[in-house]
Amino acid sequence: MNHRTEPARSRTAPAALTALVLLFLSGCGSPSVPHASDSGAPQPGPSEPASTGDGHGAITGGAEVAEPQLHLVGIDAEGQTSMVDLLNGTQSRLGKVEPPVHVSTDGRYVFAADSTGVEILDSGAWTWDHVDHFHYYRADPRNVGRVDGGGAAAIATGMLSTAGRTGMFFPASGEAVLLDNAALSGGTISETLRIRTKPHAGLIAPLGEGAVVTEPNDTSTAAGLRAVDAKGNELATTECPSAAGTITTRVGLVIGCSDGAVIATMDGTTPVFERVPYPTGAAAPATSFNGRKGRPVVAGLGPDSGVWLLNTRQRTWEWLPTTTPVITAATADDVNHHVVVIGTDGTVQVYDGSTKKLISSTAPLVTASLADPAYAGKIQLTVDSQRAYINAPAEGVVYEIDYADDARVARTLELPTKPVHVAETGR
């Protein structure tokens with residue numbers, strides 16, 4: 001076990017790398033001299049969507065900068081919000097939202113879902129993924145506004161915050177909503193689609209110009225998927241029993257089913273559903289997915305003491321047994337195949353996803369939060385290319401973990417508001 005701490009310090013790029021990036025801030029550089037990118041980022045295959053678009057993520061009022069503008073956004077039980085800059089430690093407050101049931105992020109916006117709608121916070125920090133390189137931006141943070149609906153919405157995001165769509169599914173009303181990300185980046189909420197279905201625990205996830213929407217059976221359980229175009233017209237369907245959990249990677253859109261996963265991609269204007277079944281005699285199915293943004297290998301979490309590893313490029317599942325039951329898990333999908341896990345004993349565990357061996361573990365860090373019923377389901381985990389972040393609401397801090405260095409606690413961060421909910425932005 002290793003739980004050394006170090007003083008707060010900037011997470012900055014090496015000087016040589018920063019200078020290289022600055023040479024190309026006015027536009028895309030030559031492919032032979034790319035911008036800084038995640039280590040080992042593979043090139044997309046023929047079936048993978050290229051993460052490109054007009055403007056490369058630039059917006060009016062935003063400035064392109066030389067490195068990711070990583071921030072943590074925290075929301076307390078009363079809905080008070082705050083933000084800390086992970087590069088220089090600057091703290092700020094973002095006002096108040098309705099107390100959320102849960103929060104999610106696409107790496108720029110924070111979507112705070114309560115029982116009657118979703119509040120959208122713009123952190124003012126984002127990354128444009130251009131596959132072989134990245135562009136980084138910074139703007140003023142703001143509260144964009146609210147989308148109304150019935151029940152705590154399931155949020156599904158795409159690869160880019162200034163292009164494409166964001167999906168919100170309201171389970172109590174059965175409303176499936178798509179928002180235009182380009183409009184969001186200008187501070188406007190614009191619904192491109194709102195479909196009413198039978199109320200159920202469902203989802204709507206962006207795909208191409210349209211989306212994939214769950215279809216319930218007679219018992220109001222999500223049992224199938226329907227791909228629709230930008231106007232809501234049906235394009236394709238497939239079975240997906242007990243559909244739950246979604247994530248978007250460079251390869252495509254993932255949706256979990258009780259018998260495996262569906263990977264949805266676009267062949268021109270035609271949606272394609274590909275099924276990835278679980279191995280014979282598999283453990284309980286995954287109902288949620290998490291991993292470093294955009295990377296093809298993601299962690300799937302179910303009720304058993306272990307983690308599913310779904311490789312969306314190879315269309316394969318692998319089971320990673322863990323030493324304790326798991327609260328949450330995420331893949332770094334780096335060259336060393338790190339998988340970060342929070343156990344029910346409050347420890348942060350790091351595994352080698354290729355060998356399935358435990359590499360390192362911290363001392364218990366979030367035991368008080370796990371013991372307090374007020375924070376049930378509130379422990380969140382984010383993994384980026386260097387660090388993992390875990391909120392400990394009862395302890396009132398966020399732990400920054402260097403998962404590649406014996407799960408070292410690099411920093412213990414305090415925000416102006418208690419981090420009952422936390423999201424990492426700038427990714």
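The values are calculated or read from the model by the stated rules, or taken from the named source; none is laboratory data. Predicted model only: the values in this text are computed from it and were never measured. No Cβ is skipped: glycine too gets one built from the backbone with ideal geometry, and neighbour counts run over all protein chains shown. Surface accessibility is based on the protein's heavy atoms, side chains included, excluding ligands, DNA and RNA. Shrake-Rupley method; radii C 1.70, N 1.55, O 1.52, S 1.80 Å.
Which of (1) touching a residue at least 40 places away in the same chain (Cβ under 8 Å); (2) open to solvent by 10 Å² or more (accessible area, probe 1.4 Å) is the odd one out, the single condition E215 does not satisfy?
If we test E215 against (1) touching a residue at least 40 places away in the same chain (Cβ under 8 Å); (2) open to solvent by 10 Å² or more (accessible area, probe 1.4 Å), just (1) comes out false.
Quick one: count up the residues across region 255-269 that are more than 23 Å from I155 (Cβ to Cβ) and either within 20 Å of the chain's Cα centre (by Cα) or among the polar types (S, T, N, Q) (or both).
Adding up the residues that qualify gives 1.
Which one of these is modelled with pLDDT under 95 and either of a type in the set (A, V, I, L, M) or open to solvent by 10 Å² or more (accessible area, probe 1.4 Å) (or both): A227, A223?
One residue alone meets the criteria, A223.
Kindly evaluate S360 against the criterion of being of a type in the set (G, A, S), over 22 Å from V101 (Cα atoms) and in a strand (DSSP E or B).
Taking the combined requirement at face value, the residue satisfies it.
Name the pairs: first residue in region 403-427 and over 18 Å from E119 (Cα atoms), second residue surrounded by 24 or more Cβ atoms within 10 Å (Cβ to Cβ) and small (G, A, S), Cβ to Cβ under 6 Å, at least 6 apart or on different chains?
Y403/A388; L415/G74; G426/A125; R427/G107
Consider region 134-150. How many of its residues are in contact with a Ser or Thr (Cβ under 7 Å, 6 or more places away or on another chain) and within 21 Å of L94 (Cβ to Cβ)?
Of the residues in that region, 3 qualify.
With region 270-357 as the region, which strands (runs of 3 or more DSSP E) entirely inside it contain at least 3 residues that are surrounded by fewer than 19 Cβ atoms within 10 Å (Cβ to Cβ)?
Filter on region 270-357 gives 270-277, 316-321.
I'd like to verify a number: residues in region 233-244 that are small (G, A, S), assigned to a loop (DSSP other than H, G, I, E, B) and either without any contact (Cβ under 8 Å) to a residue 24 or more places away in the chain or open to solvent by 20 Å² or more (accessible area, probe 1.4 Å) (or both), how many?
Residues in region 233-244 being small (G, A, S), assigned to a loop (DSSP other than H, G, I, E, B) and either without any contact (Cβ under 8 Å) to a residue 24 or more places away in the chain or open to solvent by 20 Å² or more (accessible area, probe 1.4 Å) (or both): 2 in total.
Please identify the pairs in which a residue from region 151-169 that is in contact (Cβ under 8 Å) with a residue 40 or more places away in the chain has its Cβ atom under 7 Å from the Cβ atom of a residue that is part of a strand (DSSP E or B) and among the charged types (D, E, K, R), counting only partners at least 6 apart or on another chain.
Taking only residues 6 or more apart or on different chains, the pairs are A152/D114; G158/R165; M159/D129; L160/D129; R165/D180.
Restricting attention to region 181-209, report how many residues are in a strand (DSSP E or B) and either free of Cβ contacts under 8 Å to residues at least 60 places away in the same chain or touching a Gly at 6+ places or on another chain (Cβ under 6 Å) (or both).
The number of residues fulfilling the criteria is 9.
Here are some residues: A394, A374, A368. Which one is over 21 Å from the mean Cα position of the chain (by Cα), surrounded by fewer than 21 Cβ atoms within 10 Å (Cβ to Cβ), without any contact (Cβ under 8 Å) to a residue 40 or more places away in the chain and not in a loop (DSSP other than H, G, I, E, B)?
Going through A394, A374, A368 in turn, the sole match is A368.
Within region 97-117, is there a residue that is charged (D, E, K, R), surrounded by fewer than 18 Cβ atoms within 10 Å (Cβ to Cβ), within 22 Å of I189 (Cα to Cα) and at pLDDT 85 or above?
yes
Hey, any hits in region 250-262 for a residue that's surrounded by fewer than 17 Cβ atoms within 10 Å (Cβ to Cβ), modelled with pLDDT of 95 or more, charged (D, E, K, R) and part of a loop (DSSP other than H, G, I, E, B)?
The answer is yes; a qualifying residue exists.
Regarding V65, is this residue under 21 Å from the mean Cα position of the chain (by Cα) and on the phi < 0 side of the Ramachandran plot?
Criteria not met by V65.
For region 160-180, what are the residues that are open to solvent by less than 10 Å² (accessible area, probe 1.4 Å), part of a strand (DSSP E or B) and under 18 Å from T127 (Cα atoms)?
Of everything in region 160-180, just one residue is open to solvent by less than 10 Å² (accessible area, probe 1.4 Å), part of a strand (DSSP E or B) and under 18 Å from T127 (Cα atoms), namely T166.
Given the criteria surrounded by fewer than 20 Cβ atoms within 10 Å (Cβ to Cβ) and either in contact with a strand residue (DSSP E or B) (Cβ under 7 Å, 6 or more places away or on another chain) or outside any strand (DSSP E or B) (or both), does E78 qualify?
yes
Could you list, in sequence order, the residues of region 126-159 that are over 22 Å from R194 (Cβ atoms), hydrophobic (A, V, I, L, M, F, W, C), touching a strand residue (DSSP E or B) at 6+ places or on another chain (Cβ under 8 Å) and part of a loop (DSSP other than H, G, I, E, B)?
A139, M159
Looking at region 93-101, can you tell me whether even one residue there is of a type in the set (V, I, T) and in contact with a His (Cβ under 7 Å, 6 or more places away or on another chain)?
no
Among the residues of region 269-288, is there at least one that is touching a strand residue (DSSP E or B) at 6+ places or on another chain (Cβ under 9 Å) and under 24 Å from F134 (Cβ atoms)?
no
So which residues in region 167-186 are farther than 14 Å from V213 by Cβ and touching a strand residue (DSSP E or B) at 6+ places or on another chain (Cβ under 7 Å)?
Across region 167-186, the qualifying residues are L179, D180, N181, L184.
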